Amino acid sequence: MAVASLCAGTLHADTLRETVLRRAALEAGLVRAQETNVAVPPDLVAAGKLLFQTKKLSLENEIACASCHVDRFGSADGLPNAIGTEGRGEGVARLMGGGDIIPRNALPFWGRGGKGFDVFFWDGRVDGRSGAVKSQFAGDEPSVDPLVVAVHLPPVEIGEMVLNTAGNETLQSETVDSAQGIYQILEQRLRDDPGIGPALAKAYGIQPSELRFVQVAQALAGFIRHNFRLKPTRFHDFVFAKGALTADELAGGLVFYGKGRCAACHNGPYFSDFDFHAIPFPQAGFGKNGFGVDYGRYNVTLDTGDLYRFRTPPLYNVTKTAPYSHSGSLYGLAEAIRIHVDPLADPAMIPKYPRQRADFYEVLKQWSHVPVAGIELSDLDIVQLVAFLHTLEYNSDVPVHESD
């Protein structure tokens, strides 16, 4: 009788824990994956895939979107800092190839451009939250769609898709006028391509000669929006269809929504509040501002309150997209979680050089005001959090690769 009562009590406790987790996820804004999806015409998706894979979208035919957004790295590149023009291969091979270093970690594409996903890049330099897109175009945005605006930027950035050479010195200002010059070259090249030109024209029901770069960007955005759209994960199945989680996954979910306070920032349909926070991650590489410094959101707003703040990254497929942080300084997901709540846990992570150490102290000041400051997590809590994050995995529709 005592054994039967104990078993009944355990069953009831497990059911209660599952109920609490489901309710917490819904209260934090989780919705069915399909509710975030935006329909894209198949012809536009097909044309966009051609654009995603071709190096002809870069000024010197050096690099494709697919060069840095690779399937085996969860649509990122597996490197701390991205390697742009003159890079070759994938992963470590690309790192060793001597290409141009982009001073931030390559972001994956999961959910980009879905309903409500309207802030792009680590520093939010393209921001559609207000209903009007704010970007480097400063009032001359080529589209009201923030993803389409975001797609316009990499093809005109020095080192990313434009070679950093003496011949391109006039483009280094990255003004709207210099960008328009590049767009005109690229749109003519793509019109003339025997595969891409007709495919794009068919998608829009026009002649290839009528194509403009904004339509190129719309097709590329359409492919990203469709191929990397949110799909049901094991966690969606748990919340919306009473699916099962392992004991560690369930415990990790309760830490995520409970004492870990992870959902204070990682909330909503994409597990991101799309706001900007300062976490004292080590700075890998020379940084966006040089000399091992990256001022983050400040570079966009010039508001000192935004120093060292970066957009909260969504968490879908986060288990596949190491290394972590804006500078890719952490290869382990557990290590990244630890630093969120205890930046001083590993003294080796504290910068050695005075200038970087001073910046680290400034980040600590900012971090002291974020929701996770002062949280205590055990090693077991972190193991279980990682187990929970594995329930947010899914695959894209089709694989991508460089096509030329």
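The values are calculated or read from the model by the stated rules, or taken from the named source; none is laboratory data. Just so it is clear, the model here is predicted, and its values are computed rather than measured. Ideal geometry is used to build each Cβ from the backbone, glycine not excepted, and the neighbour counts take in all protein chains shown. For the accessible areas, the whole protein counts, side chains as well, though only heavy atoms, and no ligand, DNA or RNA atoms are used. Shrake-Rupley method; radii C 1.70, N 1.55, O 1.52, S 1.80 Å.
With Leu254, Leu333 as the choices, which residue is under 21 Å from Gln384 (Cα atoms), open to solvent by 20 Å² or more (accessible area, probe 1.4 Å), in contact (Cβ under 8 Å) with a residue 60 or more places away in the chain and among the aliphatic types (A, V, I, L, M)? Write out each step before concluding.
Details: Leu333 fails: in contact (Cβ under 8 Å) with a residue 60 or more places away in the chain.
Of Leu254, Leu333, the one residue that is under 21 Å from Gln384 (Cα atoms), open to solvent by 20 Å² or more (accessible area, probe 1.4 Å), in contact (Cβ under 8 Å) with a residue 60 or more places away in the chain and among the aliphatic types (A, V, I, L, M) is Leu254.
Condition check ((1) in a helix (DSSP H, G or I); (2) on the phi < 0 side of the Ramachandran plot; (3) crowded, with 22+ Cβ neighbours inside 10 Å; (4) more than 23 Å from the chain's Cα centre (by Cα)) across all residues:
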position: Gln215; (1), (2), (3), (4): yes, yes, no, yes
position: Ala219; (1), (2), (3), (4): yes, yes, yes, no
position: Ile224; (1), (2), (3), (4): yes, yes, yes, no
position: Pro232; (1), (2), (3), (4): no, yes, no, no
position: Ala244; (1), (2), (3), (4): no, yes, no, yes
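Go through segment 128-148 and give me each residue that's in contact (Cβ under 8 Å) with a residue 24 or more places away in the chain and within 18 Å of the chain's Cα centre (by Cα).
Let us first name the residues in segment 128-148 that are in contact (Cβ under 8 Å) with a residue 24 or more places away in the chain, namely 129, 136-138, 140, 142-143, 145-148.
Arg129, Asp145, Pro146, Leu147, Val148, listed by residue number.
Give me the residue from segment 33-53 that is under 18 Å from Tyr316 (Cβ atoms) and in contact with a helix residue (DSSP H, G or I) (Cβ under 6 Å, 6 or more places away or on another chain) and, out of that set, surrounded by the fewest Cβ atoms within 10 Å (Cβ to Cβ).
Of the residues in segment 33-53, the ones under 18 Å from Tyr316 (Cβ atoms) are 33-38.
Pick out the ones that are also in contact with a helix residue (DSSP H, G or I) (Cβ under 6 Å, 6 or more places away or on another chain) and you get 33, 38.
Values: Ala33: 20, Val38: 15.
In this case the residue turns out to be Val38.
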Test result for Asp342, under 29 Å from Gly128 (Cα atoms), of a type in the set (Asp, Glu) and at pLDDT 95 or above: no
Residue ID - surrounded by the fewest Cβ atoms within 10 Å (Cβ to Cβ), chosen from residues in segment 368-404 that are without any contact (Cβ under 8 Å) to a residue 60 or more places away in the chain and outside any loop (DSSP other than H, G, I, E, B): Asp379
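Only one of Arg104, Arg72 is at pLDDT 95 or above, surrounded by 19 or more Cβ atoms within 10 Å (Cβ to Cβ), among the basic types (Lys, Arg) and under 17 Å from Ala322 (Cα atoms). Can you tell me which?
Values: Arg72 fails: surrounded by 19 or more Cβ atoms within 10 Å (Cβ to Cβ).
Within the list Arg104, Arg72, the selection yields Arg104.
Given the criterion more than 22 Å from Pro80 (Cα to Cα), at pLDDT 95 or above and in contact with a helix residue (DSSP H, G or I) (Cβ under 6 Å, 6 or more places away or on another chain), identify the matching residue among Val144, Val126.
Numbers: Val144 fails: in contact with a helix residue (DSSP H, G or I) (Cβ under 6 Å, 6 or more places away or on another chain).
From the options Val144, Val126, the qualifying one is Val126.
Before we move on, is Glu157 more than 15 Å from Leu107 (Cβ to Cβ) and surrounded by fewer than 23 Cβ atoms within 10 Å (Cβ to Cβ)? Before you say what the answer is, go through the steps one by one.
On the way: more than 15 Å from Leu107 (Cβ to Cβ): no; surrounded by fewer than 23 Cβ atoms within 10 Å (Cβ to Cβ): yes.
So Glu157 does not fit the description; no.
Let's see how each residue does on (1) acidic (Asp, Glu); (2) within 30 Å of Arg189 (Cβ to Cβ); (3) touching a Phe, Trp or Tyr at 6+ places or on another chain (Cβ under 9 Å); (4) open to solvent by less than 10 Å² (accessible area, probe 1.4 Å):
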site: Arg229; (1), (2), (3), (4): no, yes, yes, no
site: Phe235; (1), (2), (3), (4): no, no, yes, yes
site: Phe240; (1), (2), (3), (4): no, no, no, no
site: Lys259; (1), (2), (3), (4): no, no, no, no
Failed criterion for Phe286 (all others in (1) in contact with a strand residue (DSSP E or B) (Cβ under 9 Å, 6 or more places away or on another chain); (2) at pLDDT 95 or above hold): (2)
Members of segment 252-289 found to be in contact with a Lys or Arg (Cβ under 8 Å, 6 or more places away or on another chain) and not in a loop (DSSP other than H, G, I, E, B), listed by number: Leu254, Phe276, His277
Matching residues, segment 7-26, being at pLDDT 55 or above and either of a type in the set (Val, Ile, Thr) or touching a Cys at 6+ places or on another chain (Cβ under 7 Å) (or both): Thr15, Thr19, Val20
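Determine whether segment 346-360 contains at least one residue that is β-branched (Val, Ile, Thr), more than 28 Å from Thr36 (Cα to Cα) and free of Cβ contacts under 8 Å to residues at least 60 places away in the same chain.
yes
Matching residues to (1) more than 20 Å from Glu157 (Cα to Cα); (2) touching a residue at least 24 places away in the same chain (Cβ under 8 Å):
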position	(1), (2)
Leu21	yes, yes
Thr36	yes, yes
Asp43	yes, yes
Asn81	no, yes
Arg88	no, no
Gly98	no, no
Ile102	no, yes
Condition met for Gly111 (crowded, with 22+ Cβ neighbours inside 10 Å, at positive phi and not β-branched (Val, Ile, Thr)): yes
Residue within segment 125-137 that is part of a loop (DSSP other than H, G, I, E, B), touching a strand residue (DSSP E or B) at 6+ places or on another chain (Cβ under 7 Å), more than 22 Å from Glu402 (Cα to Cα) and open to solvent by 50 Å² or more (accessible area, probe 1.4 Å) present: yes
